Amino acid sequence: MNNFTKYLDINKEVLDGLRYYMPIVALESTIISHGMPYPENIETALSLEKIVRENGAIPATMGIIKGRIKIGLNREEMEFLAKTKDIVKTSRRDIPYVVGMGLSGGTTVAATMIFSQYAGIRVFATGGIGGVHRNAAKSFDISADLTELSNSNVAVICSGGKAILDIGLTLERLETFGVPVIGYGTDDFPAFYTRSSGHKVVMRADSPQECAKIMKTKWDLDLDGGIVVANPIPAEYEAHRDITEKAIELALYEADKNGITGKSITPFLLDKIKEFTTGESLAANMALVKNNALLAAQIAVEYSKLENGS
Ligand code: PSU
Ligand code: MN
């Protein structure tokens, strides 16, 4: 037995899924605790699980409840993370503190990848990954999501990086870390609220099968680390580029003025952008993450076929 197993609670559905090599999709919970307001957060979390199920996979929303690492939160636990005030945004750095002190945490992309790796789950859907912040040369603010992508063997299905980041520098870091960044049905890296960031990707896949093949090949070759599948927001939900960009600039100005730094900055910016776009960004966020859950389920189904040798 590994040392880590005693810290994990794997729910029955996920445990059965793991036992029988069924397709499973990991989902994060910082989006619940810090990324969206109540009640949109819980509505979105529940509909992601529904979409994953409808597309033939088992959902496993990760989180920490009173010091226990949950591989698959139940509805009550999701509600708890959605409503409670002092939930800790938990990235790699925070895990020992939150678990060791018996606290509760919403897991970031990095922490969710780590928990997925513990359980052996290879596919994970989220909204956007963290990355290199626009003023990183001064602030040194580079998300631990990128480092984790260089470590854990998990494919992260997302809508690119948030436009609050420096997308060009984020792609440079990912290249250095050896992380394949695959445009799904696109040659452009998406910018979360909008379909294109203006930065090209050098890899493209047009089907879940192709994504699964790249994953299988990478890990068969012992090239440890994650994969980013960048899935653009559906066109009908795309936010207005100019308005979003203005909102981001205003939000960055507010963050600077209020001295917001470290782990608080992403939730602060997202909240301000929502305010400045009168909710358009929240609607876009909800739509894109659902679209990612759908693709993740399809990829998980194809990947498990490859794993089972069929
Ligand atoms: N993007 C969103 N909503 C979020 C996040 C990103 O639109 O809630 C969260 C994710 O959990 C991501 C984290 O892993 O923010 C990155 O935070 P940081 O930059 O502090 O590493
Ligand atoms: Mn940061």
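Readers should treat all values here as calculations from the given coordinates under stated rules, not as data from a laboratory. Being a predicted model, the structure only gives us computed values, none of them experimental. Here the Cβ is made from the backbone with ideal geometry for all residues, glycine too, and neighbour counts use every protein chain on show.
Pairs on different chains or at least eight residues apart, Cα atoms closer than 28 Å: how many lysine pairs in region 181-310 fit?
Eligible lysine pairs with Cα atoms under 28 Å apart amount to 25.
Let's see if you can work this out: charge +1 on each Lys and Arg Cβ, -1 on each Asp and Glu Cβ, no other charges. What is the dipole magnitude of the chain about its Cα centre, in debye to the nearest 20? Present the calculation step by step, with values, prior to reporting the outcome.
On the way: 33 positive and 38 negative charges, 126 e Å.
My answer is approximately 600 debye.
How large is the dipole of region 160-310 about the Cα centre if only Lys and Arg carry +1 and Asp and Glu carry -1, each at its Cβ, rounded to the nearest 20 debye?
On the way: 16 positive and 22 negative charges, 39 e Å.
Value, rounded to 20: 180 debye.
So what is the 222 nm mean residue ellipticity for the chain from helices alone, if each DSSP H run of at least 4 adds -39500 (n - 2.57) and you divide by all residues, rounding to the nearest 500 deg cm²/dmol?
Numbers: 12 runs with 139 residues, N = 310.
Helix contribution divided over all residues of the chain: -14000 deg cm²/dmol.
Helix check for the chain. Which DSSP H runs span at least 27 Å along their own axis by Cα, with a mean Kyte-Doolittle hydropathy no less than 0.0? Don't skip to the answer; put the middle values down first.
Values: long enough: 280-307 (40 Å, 0.40).
Counting only whole DSSP H runs, the qualifying helices are 280-307.
For the chain, what proportion of DSSP beta bridges, expressed in % and rounded to the nearest 5, is antiparallel? If you can, show how the numbers build up before the last one.
Working: 12 of 38 bridges.
Of the beta bridges lying entirely in the chain, close to 30 percent run antiparallel.
Out of residues 5 or more away from I227 or on other chains, whose amide H comes under 5 Å of its own, with H placed 1.01 Å from N in the peptide plane?
Counting only residues 5 or more places away or on other chains, the set is V154, A155, V156.
Quick check: the distance between the Cα centres of region 121-144 and region 204-220, to the nearest angstrom?
Between the Cα centres of region 121-144 and region 204-220 lies a distance of 23 Å.
Considering only DSSP beta bridges where both residues belong to region 66-213, give the percentage that are antiparallel (nearest 5). Could you put the intermediate results ahead of the total?
Numbers: 6 of 16 bridges.
In region 66-213, DSSP labels about 40 percent of beta bridges as antiparallel.
For K89, which sequence-distant residues (separation of 5 or more, or a different chain) have an amide H within less than 5 Å of its own amide H, given hydrogens modelled in the peptide plane?
Amide H neighbours of K89, under 5 Å, 5+ apart: G106.
Positive end of the charge dipole of the chain (Lys, Arg +1 and Asp, Glu -1 on Cβ, about the Cα centre): tell me which of A287, G72, P190 has its Cα farthest that way.
The residue sitting farthest along the positive end of the dipole is G72.
Excluding same-chain pairs closer than 8 in sequence, count the lysine pairs in region 18-142 whose Cα atoms lie under 22 Å apart. Don't skip to the answer; put the middle values down first.
Numbers: K50/K70; K50/K83; K66/K83; K66/K85; K66/K89; K70/K83; K70/K85; K70/K89.
For region 18-142, qualifying lysine pairs total 8.
Search the structure for amide H atoms under 5 Å from the amide H of T61, placed 1.01 Å from N in the peptide plane, and list their residues when 5 or more places away or on another chain.
Excluding prolines and chain starts, which carry no amide H, the hits are L27, G72, L73.
Would you give the gap between the C-alpha center of region 260-296 and the C-alpha center of region 1-15, rounded to a whole Å?
Here the two parts' Cα centres lie 31 Å apart.
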